[in-house]
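Engineer: For reference, the structure I am asking about is given below.
The values are calculated or read from the model by the stated rules, or taken from the named source; none is laboratory data. If you're wondering where the values come from, they're calculated on a predicted model, not measured in any experiment. When we count neighbours, we look across all protein chains shown, and the Cβ atoms used for this are built from the backbone with ideal geometry, even at glycine. Remember, those area values only see protein heavy atoms, side chains included, never the ligands or the DNA or RNA. Shrake-Rupley method; radii C 1.70, N 1.55, O 1.52, S 1.80 Å.
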Amino acid sequence: MSSKHLPLTDRLQTYLDDKHSGAGDPLLDELQRETRTLFPERAEMQISAAQGTLLSILAGLTAAHSIVEVGTFTGYSAICLARALAADGRLLCCDISEEWTAVARRYWARGGVADRIDLRIGPALETLRDLPAETRFDFAFIDADKPGYDAYFETLLPRMRRGGLFVFDNMLYNGRIEDATDENAVALNALNRKLSTDPRVESVLVPFADGLNLARVQ
């Protein structure tokens, strides 16, 4: 059995980054800059422009009316997801920080998507478990504390429609996914392995950005 993998050289990465995933977005570009200024030690938590475009495309392809995001930070990914919602759609955002999401709220208002977003501050697992029994989602983006990923998956899975899509970020963990001494790597590695054999989903691990695991509900 053979497989083909293209080496991602610095030159090729520059090509990929050079506006080949979109023409740029002034609002999102400004949000990226402000995030780097306000939270320089945390700025790497923000997804890239290419990831944002991909999230919008995937949410659009699933015709998502109801999306949940676990880990919102300063709101970049939420804007991308909210823009892709159906006209009557809603996005539930879960985060623990009032400080980070205060920035998000400003940009959501400027971007005209604030009315589509329900932000809940507090431990995400508690938020999800307290949702009304009838709550259902079409799309879930998980980008929060790494040891919590599996619990978010198991809690959300019964609420996902058939054909719904999970997107997990950081699933290659900066190339250290097999580091058995790092609790984050251990948790993500275990989830990657679980998803690859779980009959409840069809999944693929994509070497894009810091690694995305896409899992479609069967």
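Engineer: Residue check, Ala104 against (1) open to solvent by 60 Å² or more (accessible area, probe 1.4 Å); (2) assigned to a helix (DSSP H, G or I); (3) over 24 Å from Leu205 (Cα atoms); (4) not β-branched (Val, Ile, Thr), all met but one. Which one?
Structural biologist: Of (1) open to solvent by 60 Å² or more (accessible area, probe 1.4 Å); (2) assigned to a helix (DSSP H, G or I); (3) over 24 Å from Leu205 (Cα atoms); (4) not β-branched (Val, Ile, Thr), only one is false for Ala104: (1).
Engineer: Across the range 129-141, what is the total count of residues that are touching a residue at least 24 places away in the same chain (Cβ under 8 Å) and either farther than 13 Å from Ile67 by Cβ or acidic (Asp, Glu) (or both)?
Structural biologist: The total comes to 3.
Engineer: Determine whether Leu128 is part of a strand (DSSP E or B) and not charged (D, E, K, R).
Structural biologist: The answer is no for Leu128.
Engineer: Return the only residue of Val167, Val186 being free of Cβ contacts under 8 Å to residues at least 12 places away in the same chain and at negative phi.
Structural biologist: None of the others qualify; the one that does is Val186.
Engineer: Okay, next question. For the range 95-115, indicate whether the set of residues that are closer than 20 Å to Leu165 by Cα and either free of Cβ contacts under 8 Å to residues at least 60 places away in the same chain or more than 16 Å from the chain's Cα centre (by Cα) (or both) is non-empty.
Structural biologist: Within the range 95-115, none of the residues are closer than 20 Å to Leu165 by Cα and either free of Cβ contacts under 8 Å to residues at least 60 places away in the same chain or more than 16 Å from the chain's Cα centre (by Cα) (or both).
Engineer: Select from the range 136-150 the residues that are in a loop (DSSP other than H, G, I, E, B) and either open to solvent by 30 Å² or more (accessible area, probe 1.4 Å) or of a type in the set (A, V, I, L, M, F, W, C) (or both) and list them in ascending order.
Structural biologist: Arg136, Ala144, Asp145
Engineer: Which residue out of Asp118, Asp198 is modelled with pLDDT of 95 or more, acidic (Asp, Glu) and open to solvent by less than 20 Å² (accessible area, probe 1.4 Å)?
Structural biologist: Asp198
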